[in-house]
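A.B. asks: Below is the structure I would like to discuss, written out as structure tokens.
The values are calculated or read from the model by the stated rules, or taken from the named source; none is laboratory data. All values derive from a computational prediction rather than experimental measurement. For neighbour counting, all protein chains shown are included, and Cβ atoms are generated from backbone atoms with ideal geometry for every residue, glycine included. Just the protein is used for accessible areas: all its heavy atoms, side chains included, with ligands, DNA and RNA removed. Shrake-Rupley method; radii C 1.70, N 1.55, O 1.52, S 1.80 Å.
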Amino acid sequence: MTKIAIFGVGLIGGSLALCYKGKPGFTVVGHSPNPKSVEKLLKRNVVDAATTNMAEAVDGADYIFLCVPVGMLEEYVQQLMNLPLKKGCIITDVGSTKATITESAETIVKDGVFFIGGHPMAGSERHGVEAASSHLFENAFYVLTPAEGTPQAEVDRLTELLKTTKAQIVQVGAREHDDIVGAISHLPHIIAVALVNQVRGYNETNPLYQNLAAGGFRDITRIASSEPMIWRDILVNNRQVLLKLLVDWNLEISRFIELIENSDGEGIVEQFRIAGEFRSQLPERRKGMITSLFDIYVDIPDHPGIIGQITTLLGNARINLSNIQIIESREDVPGILRLSFRNQEDADRASELLSGPYAVHV
Ligand SMILES: NC(=O)C1=CN([C@@H]2O[C@H](COP(=O)(O)OP(=O)(O)OC[C@H]3O[C@@H](n4cnc5c(N)ncnc54)[C@H](O)[C@@H]3O)[C@@H](O)[C@H]2O)C=CC1
Ligand SMILES: O=C(O)C(=O)Cc1ccc(O)cc1
């Protein structure tokens, strides 16, 4: 029996637990310092066992996943090293930053125990075990950042274990990871929050801002709803990278100020053109940092109750809808409904189910 211990059974820890729970040959133990959380984990059936006792959680564990906020990782590794761990046990984490924990854990971990940094590059703005899903990591990258001294055989062992998540496992240097993820995930979270707060300020004197802010504004600011404590730790931890990125961001904004000041239409067109060209080369349909949802479009006649009918059909078939949006609905034009799913399988099943009664476009 392979024993997996998970510390911090929230969105990511809970999703990992669900990947292994019930699979033959695995037993999953969750840890929380809070007895109420332990009760909740057992009631929700995401783990085989749960405890507030660290020693009990790691007793005989083959793998230990640290899924707590980034600021707590080092302390957890230190506490684990004061406990009797099984020889050959691999400790890994899921933190969104990798340089500091990979470097500090290398100096803390010893005696036949290994630490290998990890970052599943999938998630959402939601948090807590309620938002966990066994499908979360499917088709996403899962980065491992082993320190130089870590034997490749141990990295291979963890890679093999992680195949169950259906993620694509890749190895990247910890510092390189933080540079890249700083640019494609941490900076966008800052920008989304700053943009929402800018509009929130205008809205104080004119509530029409909020009423009209739909569609694109909602889409690009979804990640502004992320869990504050998780992001406090990420931004503070990756501060050196982020300070450089924010300087570059200021340069990008200054460029737009200049283009607009000069009514430089050609320059603006050029900025959109080069951005569009680069963006069109980004991998599609691969779950990334800013999770792509799997969308289908349904033509709907404009009559009352239609949305209820569609969501009931999906619910009866146990297909999880993650978002729903009416794109167009005027008297003279049939409406288009955008239905978003968390994975391709759900999108395909929904498409098949709905294409009987409705016209569906993928
Ligand atoms: N949210 C996301 O989309 C992603 C997050 N991550 C990383 O995963 C880790 C966990 O984040 P999420 O699962 O999103 O957050 P979450 O809030 O859903 O889960 C965090 C877990 O840690 C526990 N926790 C929080 N403070 C604690 C404390 N002081 N002592 C003990 N336990 C504590 C919480 O009870 C919860 O079980 C973070 O390190 C984050 O950087 C990685 C990939 C994606
Ligand atoms: O919600 C989204 O689109 C995200 O980008 C989620 C996310 C948050 C933190 C990570 O380290 C990885 C992924």
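A.B. asks: Output the residues belonging to the range 143-158 that are of a type outside the set (D, E, K, R), open to solvent by 30 Å² or more (accessible area, probe 1.4 Å) and out of contact with any Phe, Trp or Tyr (no Cβ under 8 Å at 6 or more places or on another chain). Break it down into steps so the answer makes sense when it comes.
C.D. replies: Let us first name the residues in the range 143-158 that are of a type outside the set (D, E, K, R), namely 143-147, 149-153, 155, 158.
Now drop any that are not open to solvent by 30 Å² or more (accessible area, probe 1.4 Å), which leaves 146, 149, 151-153.
Passing the criteria: P146, G149, Q152, A153.
A.B. asks: Can you report the number of residues in the range 96-111 which are within 16 Å of ligand 2 (Cβ to nearest atom) and either open to solvent by 20 Å² or more (accessible area, probe 1.4 Å) or in the same structural domain as S322 (by TED's automatic domain parsing) (or both)? Give the derivation first.
C.D. replies: Kept after step one, since they are within 16 Å of ligand 2 (Cβ to nearest atom), are these residues of the range 96-111: 96-102.
Narrowing further to those that are either open to solvent by 20 Å² or more (accessible area, probe 1.4 Å) or in the same structural domain as S322 (by TED's automatic domain parsing) (or both): 96, 100.
Counting residues in the range 96-111 that are within 16 Å of ligand 2 (Cβ to nearest atom) and either open to solvent by 20 Å² or more (accessible area, probe 1.4 Å) or in the same structural domain as S322 (by TED's automatic domain parsing) (or both) gives 2.
A.B. asks: Moving on to the next point. List the pairs whose first member sits in the range 213-234 and is in the same structural domain as L195 (by TED's automatic domain parsing) and hydrophobic (A, V, I, L, M, F, W, C), whose second member is modelled with pLDDT under 95 and within 11 Å of ligand 1 (Cβ to nearest atom), and whose Cβ atoms are under 6 Å apart, counting only residues at least 6 apart or on separate chains?
C.D. replies: Close Cβ pairs satisfying both conditions: I223/E125.
A.B. asks: Any idea which residue in the range 112-142 is most open to solvent (accessible area, probe 1.4 Å), counting only those that are within 13 Å of ligand 2 (Cβ to nearest atom) and aromatic (F, W, Y)?
C.D. replies: Within the range 112-142, the match that is most open to solvent (accessible area, probe 1.4 Å) is F141.
A.B. asks: Going residue by residue through the range 94-108, is there one that turns out to be β-branched (V, I, T), touching a residue at least 40 places away in the same chain (Cβ under 8 Å), in contact with a strand residue (DSSP E or B) (Cβ under 7 Å, 6 or more places away or on another chain) and over 30 Å from V241 (Cβ atoms)?
C.D. replies: The answer is no; no qualifying residue exists.
A.B. asks: Suppose we filter I220, I191, I268 for residues that are under 23 Å from V70 (Cβ atoms) and either under 20 Å from the mean Cα position of the chain (by Cα) or not small (G, A, S) (or both); which single one remains? Let's see the steps before the verdict.
C.D. replies: On the way: I220 fails: under 23 Å from V70 (Cβ atoms); I268 fails: under 23 Å from V70 (Cβ atoms).
After ruling out the rest, the residue left standing is I191.
A.B. asks: Among the residues of the range 12-24, write down those that are under 20 Å from E56 (Cβ atoms) and outside any loop (DSSP other than H, G, I, E, B). First the steps, then the outcome.
C.D. replies: Here is the first cut: in the range 12-24, the ones under 20 Å from E56 (Cβ atoms) are 13-14, 16-17, 20-21.
If the condition is that a residue be under 20 Å from E56 (Cβ atoms) and outside any loop (DSSP other than H, G, I, E, B), then G13, G14, L16, A17, Y20 are the ones that fit.
A.B. asks: Further, regarding this structure: V9 - would you say it is assigned to a loop (DSSP other than H, G, I, E, B) and either among the aromatic types (F, W, Y) or in contact with a helix residue (DSSP H, G or I) (Cβ under 7 Å, 6 or more places away or on another chain) (or both)? Give the derivation first.
C.D. replies: Numbers: assigned to a loop (DSSP other than H, G, I, E, B): yes; either among the aromatic types (F, W, Y) or in contact with a helix residue (DSSP H, G or I) (Cβ under 7 Å, 6 or more places away or on another chain) (or both): yes.
It is true that V9 is assigned to a loop (DSSP other than H, G, I, E, B) and either among the aromatic types (F, W, Y) or in contact with a helix residue (DSSP H, G or I) (Cβ under 7 Å, 6 or more places away or on another chain) (or both).
A.B. asks: Also, I was wondering about something else. If I go through the range 101-120 residue by residue, how many of them are of a type outside the set (S, T, Y) and within 23 Å of the chain's Cα centre (by Cα)? Spell out the reasoning first.
C.D. replies: To start, the set of residues in the range 101-120 that are of a type outside the set (S, T, Y) comprises 101, 103, 105-106, 108-120.
Among the residues that remain, those that are also within 23 Å of the chain's Cα centre (by Cα) are: 101, 115-120.
Of the residues in that region, 7 qualify.
A.B. asks: Here is a follow-up. If you scan the range 260-279, which residues turn out to be outside any loop (DSSP other than H, G, I, E, B) and of a type outside the set (D, E, K, R)? Quick ask: steps written out before the conclusion?
C.D. replies: Of the range 260-279, the ones outside any loop (DSSP other than H, G, I, E, B) are 260-261, 265-279.
I260, G265, G267, I268, V269, Q271, F272, I274, A275, G276, F278 - these are the residues of the range 260-279 that are outside any loop (DSSP other than H, G, I, E, B) and of a type outside the set (D, E, K, R).
A.B. asks: Would you point out the residue of the range 1-17, among those that are farther than 14 Å from P33 by Cβ and under 17 Å from the mean Cα position of the chain (by Cα), that is farthest from ligand 2 (Cβ to nearest atom)?
C.D. replies: This residue is A17.
A.B. asks: Which residue is nearest to I230 (Cα to Cα), if the candidates are limited to the range 92-127 and must be assigned to a strand (DSSP E or B) and in contact with a Lys or Arg (Cβ under 8 Å, 6 or more places away or on another chain)?
C.D. replies: Ranking the candidates gives H119 first.
A.B. asks: Among the residues of the range 188-243, write down those that are more than 11 Å from ligand 2 (Cβ to nearest atom) and among the polar types (S, T, N, Q).
C.D. replies: N197, Q198, N203, T205, N206, Q210, N211, T221, N237, Q240
Quick grid of which residues meet (1) open to solvent by 40 Å² or more (accessible area, probe 1.4 Å); (2) more than 16 Å from ligand 2 (Cβ to nearest atom); (3) not acidic (D, E):
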{"site": "K43", "(1), (2), (3)": "yes, yes, yes"}
{"site": "T51", "(1), (2), (3)": "no, yes, yes"}
{"site": "C67", "(1), (2), (3)": "no, no, yes"}
{"site": "V70", "(1), (2), (3)": "no, no, yes"}
{"site": "Y76", "(1), (2), (3)": "no, yes, yes"}
{"site": "Q79", "(1), (2), (3)": "yes, yes, yes"}
{"site": "N82", "(1), (2), (3)": "yes, yes, yes"}
{"site": "V94", "(1), (2), (3)": "no, no, yes"}
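A.B. asks: I would also like to ask the following. What is the one condition in (1) open to solvent by less than 50 Å² (accessible area, probe 1.4 Å); (2) out of contact with any helix residue (DSSP H, G or I) (no Cβ under 7 Å at 6 or more places or on another chain) that N250 does not satisfy?
C.D. replies: The one condition N250 does not meet is (1).
A.B. asks: If you don't mind, another one. Does the range 160-174 include one or more residues that are among the charged types (D, E, K, R) and more than 30 Å from P24 (Cα to Cα)?
C.D. replies: Step one: of the range 160-174, the residues among the charged types (D, E, K, R) are 160, 163, 166.
Okay, now just the ones that are also more than 30 Å from P24 (Cα to Cα), so none.
Looking for residues that are among the charged types (D, E, K, R) and more than 30 Å from P24 (Cα to Cα), one finds none in the range 160-174, hence no.
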